[in-house]
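One structure is given here, and the rest of the page talks about it.
The values are calculated or read from the model by the stated rules, or taken from the named source; none is laboratory data. Just so we're clear, the structure is a prediction, and the values are computed from it rather than from any experiment. All Cβ positions, glycine included, derive from the backbone under ideal geometry; neighbour counts span all protein chains shown.
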Amino acid sequence: MLIETAPAPKAPLWTRLPVVHQLRQSVGLQRGMLVVGLVITGVFILTAIFAPLLAPYGYSQLRDDSGPFGAQRAPGGEHLLGTTVGGYDVLSRVIWGSQTAITVMVIAIVLSIFAGVALGLVSGYFGGWLDRVLVVICDAVYAFPALLLAIVMGIVISGGRSDLWGGIFAAAISITVVFIPQYFRVIRAETVRIKAEAYVESARVLGASNGRIMFRHVLRNATRTLPLIFTLNASEALLTLAGLGFIGFGIEPSSAAEWGYDLNKSLSDVTSGIWWTSLFPGLAIVLIVLGITLVGESLNDLADPRLRSRRAPGKTTAGVAGTSVVPGGTLNAGPGGIDGLEASSPASDQHPNDDPFEAK
């Protein structure tokens with residue numbers, strides 16, 4: 001039985017972009033979660049980029065032309081969100097803090113992706129004693145608490161000084177070390193599966209080198225799930241940075257704005273009825289982690305066929321040009337496609353297990 005189908009029209013390039021493709025694929029609650037997560041994440045990124053234009057004052061500014069700001073001033077007037085116990089403008093500290101947060105997230109994720117992917121690719125492809133050693137090392141590193149490791153790395157890298165780049169790299173590198181085993185496990189498992197495929201064996205028979213097979217054939221197909229891990233790890237990186245600042249190992253306010261540090265300094269304000277110094281930095285952390293988590297969970301659901309919602313059959317746009325049922329005969333589906341063909345026969349004449357294209 002020969003079935004001839006018309007080639008489906010190729011979708012525009014912009015519809016095949018990673019996030020756009022998942023957005024078009026999502027339906028119902030999944031689409032709502034993804035849209036909300038993308039909006040929150042987009043606002044966070046834009047705020048970090050345009051922080052110098054959006055912030056009314058500098059992150060360490062204590063006075064303007066009219067004089068000092070004053071400590072613990074209530075929201076209103078020139079300070080829309082009030083001032084902190086140290087005399088800093090809360091709105092400016094929240095806006096500038098987005099730059100610090102996104103810098104740590106980008107550095108940590110990029111370093112962990114490169115290291116984890118490289119180690120997982122080599123371990124899964126070559127196997128042997130190297131694979132066993134790397135698996136044991138990554139499992140041992142993964143057992144360390146992220147926050148404890150971040151504290152140790154902060155002391156080693158910055159020498160106890162919480163300056164801008166010392167604090168940023170201390171948090172980023174400690175997060176990187178914790179994230180490497182996650183990327184290693186995913187890439188190693190995919191590499192072990194892909195290297196046994198027929199096209200990899202064909203490339204090896206044709207004389208392709210190990211490097212060409214690894215980077216041309218295996219790596220391209222083993223990194224499809226990385227965006228899911230990236231989004232989930234980004235929120236964890238932000239929480240680790242905030243935790244460092246909250247326990248006193250963050251970045252000093254004269255070097256950069258950091259939400260965890262601001263929360264630490266506002267603990268005594270809460271008992272005095274001064275709520276604005278802790279509410280807005282904490283709200284920023286909650287919203288951004290929520291937005292990134294919603295994006296990650298939505299992408300995870302869409303990548304899993306068991307969790308992905310199906311579109312209604314009526315929304316299928318595939319068409320059939322012609323079907324050769326018997327030699328010399330052609331059955332035309334008509335403008336209704338498959339639905340039109342099936343509707344042309346009475347429902348009572350067909351058994352649920354019958355093939356509508358089977359020659360009678």
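Mind checking which residues of the stretch 244-264 are touching a residue at least 24 places away in the same chain (Cβ under 8 Å) and surrounded by fewer than 19 Cβ atoms within 10 Å (Cβ to Cβ)? Correct list: I247, E252, S254.
Output the helices (runs of 4 or more DSSP H) that fall wholly within the stretch 169-275 and possess 3 or more residues being touching a Leu at 6+ places or on another chain (Cβ under 9 Å), modelled with pLDDT under 80 and not small (G, A, S), or say none. Here the list reads 226-246.
A single entry from L299, L341 fulfils the requirement of being among the hydrophobic types (A, V, I, L, M, F, W, C), modelled with pLDDT under 65, farther than 30 Å from T84 by Cα and part of a helix (DSSP H, G or I): L341. Could you tell me whether I157 is touching a residue at least 24 places away in the same chain (Cβ under 8 Å) and either assigned by TED's automatic domain parsing to the domain that holds L290 or buried (at least 18 other Cβ atoms within 10 Å of the Cβ) (or both)? No: the conditions fail for I157. Is at least one residue of the stretch 122-143 in a loop (DSSP other than H, G, I, E, B) and either without any contact (Cβ under 8 Å) to a residue 24 or more places away in the chain or not hydroxyl-bearing (S, T, Y) (or both)? Yes, the stretch 122-143 contains at least one residue that is in a loop (DSSP other than H, G, I, E, B) and either without any contact (Cβ under 8 Å) to a residue 24 or more places away in the chain or not hydroxyl-bearing (S, T, Y) (or both). Taking the numbered list (1) surrounded by fewer than 13 Cβ atoms within 10 Å (Cβ to Cβ); (2) closer than 30 Å to F249 by Cα in turn, G128 passes all entries but (2).
Say we look at the stretch 163-197 and pick out the residues that are without any contact (Cβ under 8 Å) to a residue 40 or more places away in the chain and closer than 23 Å to R220 by Cβ; which of these is surrounded by the most Cβ atoms within 10 Å (Cβ to Cβ)? Filtering first and then ranking leaves I194. Could you tell me which residue of the stretch 46-70 is surrounded by the most Cβ atoms within 10 Å (Cβ to Cβ), considering only residues that are of a type in the set (G, A, S) and more than 20 Å from S255 (Cβ to Cβ)? The qualifying residue surrounded by the most Cβ atoms within 10 Å (Cβ to Cβ) is G70.
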